[in-house]
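Right, one structure below, let's go through it.
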Amino acid sequence: MIDVERARRETPGCAHVAHLNNAGAALPPAAVTDAVVGHLRLEERIGGYEAAAAAAAEVENAYPAIARLLGCAPHEVAVVENATRGWDMAFYAFDFHPGDRILTVRTEYASNVIALLQVARRTGAVIEVIETDEHGLPSLDHLAGELERGAALVAVTHVPTHSGLVNPAAEIGALTRAAGVPYLLDACQSVGQLPVDVGEIGCDMLAATGRKFLRGPRGTGFLYVSERLVERLEPPFLDLHAATWTAPDAYEIRPDARRFETWETNYAGKIGLGVAVDYALGWGLDAIEARVTALAEGLRERLRAVPGVTVRDEGKRRCGIVTFTVDGVPATEVRRRLGAAGINTSVSPMEYARFDLAARRLPDLVRASVHYYNTEDELDRLCAALR
Ligand SMILES: Cc1ncc(COP(=O)(O)O)c(C=O)c1O
């Protein structure tokens, strides 16, 4: 059980706003902000390199913390600037050839699809979108058939940016493992709001961000790459942290996931990310998911009772993202008016999830995304404002 009172006490932002934009960036707990600001103050006092050395243990903590979160080893973790950079570093490391098939899902995120399109254009690889069932989920039968025909990569978004559904990541993983096809999971919206264990899911690579449901600092993210695969993936960019210049005409790439990092990094952010992960683990991801899912279901129920509002979430297992439309009022206008009433929401436009929103013939959606520190009262306020 989550102690909501305590969660709110430890989240200064709760006193100022009804924050239902956790899928954009959640409110950080004070412990995260204090750690980030504390390190910046240390840099101010003694110098950036010296502060990094003095706080080496706190900086390093990000790796075992993320490893505990994901159920992997610390050497399988790279800390990067955001989910997209992590995802790209893994994706662009593949050497695709003409006709190579990359399988993805209808709910895939725009940045990932743009990268797929660019690489397809450059290499002649082919993008195949797995058929979608009546719940908006990828058909596992269709995926199994496609895997039998051979594929170079399966790229799936666990929780989409624009929908409350949770894709069947582990069922997909069982199929990719059996077929021996590498599996890249975008867990940007799932990490921090539900348990994500790379062993249970069976993915080979996973990218996520700090600022969303993990409640970490902006400009932080991470990439998991399984030790099964890492030495076969050559990062698209290298520097003297990712590799060592061993002779005038030679270099050696480091053997662990940090080959996907760069030497310069945001040390305060990295410390804050580790604190955020430990903080989430302190609550427990099962407890967080239970609270988030219950709040989100309660919100969907309330929204269905508001005249003119239509809930747009699909899926069987659902999460803390709630999407809806309001008859006759564009999503951006709904968000603006809610914002004026002290309620933060966001908009999921067509171009963030074109495969899915176009297939469903939907306009831009309003997205209200809850976290465990939100209250029933805040959900009532949202619905009152909508009425
Ligand atoms: C599903 C999904 N993947 C990836 C991203 C990109 O994350 P980042 O902005 O940290 O690169 C987002 C951001 O909204 C997202 O919703």
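Looking at (1) under 22 Å from Val322 (Cα atoms); (2) in a loop (DSSP other than H, G, I, E, B), find the lone condition where Ser111 falls short.
Checking Ser111 against (1) under 22 Å from Val322 (Cα atoms); (2) in a loop (DSSP other than H, G, I, E, B), the one that fails is (2).
What number of residues within region 310-335 satisfy the criterion of being surrounded by 15 or more Cβ atoms within 10 Å (Cβ to Cβ), among the hydroxyl-bearing types (Ser, Thr, Tyr) and in contact with a Pro (Cβ under 9 Å, 6 or more places away or on another chain)?
Qualifying residue count for the region: 1.
Name the residues in region 344-375 that are more than 23 Å from the chain's Cα centre (by Cα) and over 29 Å from Glu128 (Cα atoms), would you?
Residue satisfying the conditions is Thr375 alone.
Quick check on region 283-326: of everything there that is outside any helix (DSSP H, G or I) and more than 17 Å from Leu382 (Cβ to Cβ), which residue is nearest to the chain's Cα centre (by Cα)?
My answer is Cys319.
Would you please list the contacts, defined by Cβ atoms under 6 Å and residues six or more apart or on different chains, that run from a residue in region 372-387 that is within 18 Å of Cys14 (Cα to Cα) and aromatic (Phe, Trp, Tyr) to a residue that is at pLDDT 95 or above and not in a helix (DSSP H, G or I)?
Close Cβ pairs (under 6 Å, with a partner that is at pLDDT 95 or above and not in a helix (DSSP H, G or I)) amount to Tyr372/Ile2; Tyr373/Thr11.
Filter region 8-63 for residues that are farther than 30 Å from His371 by Cα and not in a helix (DSSP H, G or I); which is farthest from the ligand (Cβ to nearest atom)?
Only one residue tops the list, namely Gly47.
When the residues of region 198-235 are filtered to those that are of a type in the set (Gly, Ala, Ser) and open to solvent by 20 Å² or more (accessible area, probe 1.4 Å), which remaining residue is nearest to the ligand (Cβ to nearest atom)?
Once the filter is applied, the top-ranked residue is Gly219.
Does Glu264 satisfy the condition of being assigned to a loop (DSSP other than H, G, I, E, B) and either open to solvent by less than 30 Å² (accessible area, probe 1.4 Å) or free of Cβ contacts under 8 Å to residues at least 12 places away in the same chain (or both)?
yes
Among the residues of region 179-191, which ones are away from the ligand (no atom under 11 Å from the Cβ), aliphatic (A, V, I, L, M) and not in a loop (DSSP other than H, G, I, E, B)?
Those that are away from the ligand (no atom under 11 Å from the Cβ), aliphatic (A, V, I, L, M) and not in a loop (DSSP other than H, G, I, E, B): Ala179, Leu184.
Over 26 Å from Val79 (Cα atoms) and either out of contact with any Phe, Trp or Tyr (no Cβ under 6 Å at 6 or more places or on another chain) or open to solvent by less than 10 Å² (accessible area, probe 1.4 Å) (or both), is that true of Glu301?
yes
Go through (1) within 22 Å of Ala353 (Cα to Cα); (2) surrounded by fewer than 22 Cβ atoms within 10 Å (Cβ to Cβ); (3) without any contact (Cβ under 8 Å) to a residue 60 or more places away in the chain and name the single condition Leu143 misses.
Result: Leu143 fails condition (2) only.
Given the options Leu143, Leu194, name the one that is within 15 Å of the ligand (Cβ to nearest atom) and modelled with pLDDT of 95 or more.
Leu194
So, in region 79-98, how many residues would count as being open to solvent by less than 20 Å² (accessible area, probe 1.4 Å) and more than 14 Å from the ligand (Cβ to nearest atom)?
Total meeting the criteria: 2.
The values are calculated or read from the model by the stated rules, or taken from the named source; none is laboratory data. Just so we're clear, the structure is a prediction, and the values are computed from it rather than from any experiment. Methodologically, a virtual Cβ is constructed for each residue, glycine included, from the backbone with ideal geometry; neighbour enumeration extends over all protein chains shown. With ligands, DNA and RNA removed, areas are computed over all heavy atoms of the protein, side chains included. Shrake-Rupley method; radii C 1.70, N 1.55, O 1.52, S 1.80 Å.
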